[in-house]
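For reference, the structure is listed below as structure tokens.
Just so it is clear, none of the values below were taken in a lab; they were calculated from the coordinates. As the structure is a computational prediction, the values presented were derived from the model and not from experiment. Heads up, the Cβs are rebuilt from the backbone with ideal geometry, glycines too, and the neighbour counts pull from every protein chain shown.
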Amino acid sequence: MKAMILAAGLGKRMRPLTDHCPKPLLPVAGKPLIVHHLARLRQAGIHEVVINVSYRAEQIIAALGDGDAYGLHIHWSRETEPLETGGGIQQALPMLGEAPFLLINGDVWCAALPTQHALQGNDLAHLMLVENPSHHASGDFGLAGGRVNQTSTERLTYSGISVIHPGLLAGQPQGTFALAPLLRTAIDNNRVSGEHYKGHWVDVGTPERLAALERQLQSERG
């Protein structure tokens, strides 16, 4: 299985930290945020990773290179302008191939990944869901019997980590578009499974959350 890390965002919520440094390279616990993802992917036995880049792309490419230092091979998908999640994946599909792949938002931190065999049958996606953080108290989706739904009153938050079948994007043209509407359609068609992950996960979306994650990881290490 291959993996894709989404790293093309502008990092507006992270300003002023991202004025001169792209968000994936912001350090936490002694190494760039994206390197934590690379290490976890390598531990999971994944060897090929596609990373989409746009804002300060050359900095990210220069820092990570071809991935050899991390025991991986990195393929770079350059976007002249950020294409949003759906458009970014669509552009990268020739590098990802026709098999399901792991998808990771570059601005989250998580201690685990879904199993590579999480996608079953004719499902188009498998989502890792987490408890709702304070900044997203209403959550995103319901989960019942391992199936993701939009009807449950009790909701969980999409972690930004999933297994995606390329068929989810079938028929979509090249260009800028969001992934969420495609996921919601697949959910309504009962083609999305999910799991409730209860371990350590952080949406590293603001300087305050980055600082809190740094303190927690340093405390665990110390």
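Per-structure values
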quantity	calculated
Residues of segment 1-45 satisfying the condition of being assigned to a loop (DSSP other than H, G, I, E, B), touching a helix residue (DSSP H, G or I) at 6+ places or on another chain (Cβ under 9 Å), hydrophobic (A, V, I, L, M, F, W, C) and surrounded by fewer than 23 Cβ atoms within 10 Å (Cβ to Cβ)	L10, L17, C21, L26, A29
Pairs with Cβ under 8 Å, 6+ apart, first in segment 147-162 and touching a residue at least 40 places away in the same chain (Cβ under 8 Å), second surrounded by fewer than 16 Cβ atoms within 10 Å (Cβ to Cβ) and part of a strand (DSSP E or B)	L156/H196
Filter result (buried (at least 19 other Cβ atoms within 10 Å of the Cβ) and part of a loop (DSSP other than H, G, I, E, B)) within segment 57-71	G67
Among residues of segment 106-138, those that are crowded, with 19+ Cβ neighbours inside 10 Å and over 13 Å from S193 (Cα atoms), counted	7
Segment 177-200: number of residues that are surrounded by 15 or more Cβ atoms within 10 Å (Cβ to Cβ) and either among the basic types (K, R) or over 27 Å from E214 (Cα atoms) (or both)	11
Residue in segment 152-167 that is more than 15 Å from the chain's Cα centre (by Cα) and within 22 Å of I5 (Cβ to Cβ) present	yes
Given (1) surrounded by fewer than 16 Cβ atoms within 10 Å (Cβ to Cβ); (2) in contact with a helix residue (DSSP H, G or I) (Cβ under 7 Å, 6 or more places away or on another chain); (3) within 21 Å of A137 (Cα to Cα), number of the condition D203 does not satisfy	(1)
Matching residues in segment 140-154 - criterion: being surrounded by fewer than 18 Cβ atoms within 10 Å (Cβ to Cβ), in contact with a Ser or Thr (Cβ under 9 Å, 6 or more places away or on another chain) and either in a loop (DSSP other than H, G, I, E, B) or among the β-branched types (V, I, T) (or both)	G146
Leading residue by the ranking (farthest from N122 (Cα to Cα)) among those in segment 95-110 that are part of a loop (DSSP other than H, G, I, E, B) and of a type outside the set (A, V, I, L, M)	D107
